Amino acid sequence: MAANVDTSISEITGGCLCGSIQYTIHFNDDHPWPPKSASCQCTMCRKWTASLFPQFLTLAAKQITPDLSTYSTYKEYRSSETCLRGFCAQCGSSLLWRAEEDPDKIDVFLGTVDEKWLVEQKADVATATAQVDSESIGKTLGTPMHAQYYYENVIKGVTDFVQGGKRYLTHPSKCEGF
Ligand SMILES: [Zn+2]
Ligand SMILES: [Zn+2]
């Protein structure tokens, strides 16, 4: 894959670990590339993803096909009064977060995007240096330019290294228990 295809990305794919849930995210004039990439270090996102630095893409619901609720292994956990977290009941992959009051928006967790988009070229084993081009798709997706939420939970020297995006101490949303 050429390194400078950024501007012509019309879709990326992803899915859960077992492969029973697979999705395509579409980009077009209404929802152009690149998507809004963000991170959240709240304890709920950390526990739910088992990651110290959970990252996701904030998308319009119609950008994702098919509707994940059509998969028999897709389940949702109500993590707070009005917020739901979608996952695969077969393999446990954490797929998305959504708020009931905002049905047109979905946060898709970035680690579920297929490897071919995130890693265009494997790192060199000898030097452990990734061959990252400044225009790589993985870097564009993985740089939380939109926002870094719950920075109050930052682990200095570990999760403060990711550059990009405004850092919010918590989350500027009314939905408690993000
Ligand atoms: Zn699965
Ligand atoms: Zn969170």
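Taking only pairs that are 8 or more places apart or on different chains, how many Lys pairs in the range 6-153 have Cα atoms under 19 angstrom apart?
9
What is the spin-label model distance, in nm, from L17 to I155 if the labels are put 7 Å beyond Cα along the C-beta direction?
1.8
Please figure out what share of the DSSP beta bridges in the chain is antiparallel and state it in percent, rounded to the nearest 5.
The answer is about 90 percent antiparallel.
Which chymotrypsin sites (Phe, Trp or Tyr not before Pro) from the range 136-176 combine a DSSP loop assignment with at most 11 other Cβ atoms within 10 Å?
Listed in order of number, the matching sites are F161.
Okay, helix-only estimate at 222 nm for the chain: each DSSP H run of n ≥ 4 adds -39500 (n - 2.57), divide by all residues, round to 500 deg cm²/dmol; what do you get?
Counting only the DSSP helices, I get -2000 deg cm²/dmol.
When the dipole is taken about the Cα centre of the chain, and only Lys, Arg (+1) and Asp, Glu (-1) are charged at their Cβ, what size is it in debye, to the nearest 20?
It works out to roughly 540 debye.
Among A123, A89, A61, which one shows the biggest mean-square fluctuation in a GNM of the chain, springs joining Cα atoms closer than 10 Å?
Result for the chain, Cα springs under 10 Å: A123 fluctuates most.
Could you calculate the contour length gain from C91 to A61, that is, 0.36 nm times the residue separation minus the distance between their Cα atoms, to one decimal place in nm?
Gain on extension, C91 to A61, equals 8.5 nm.
Can you compute the modelled spin-label distance between H26 and T143, with each label point 7 Å from Cα toward Cβ, in nm?
Using points 7 Å along Cα→Cβ, the separation is 2.8 nm.
Mind listing P(r) for the chain? All alpha-carbon pairs, 10 Å bins, whole percents.
9, 37, 38, 15, 1
Computed from the coordinates by the stated procedures, all read-outs in this text should not be read as laboratory data. As the structure is a prediction and not an experimental result, all values here were calculated from the model. Glycine also receives a Cβ, built like all others from the backbone with ideal geometry; neighbour counts cover every protein chain displayed.
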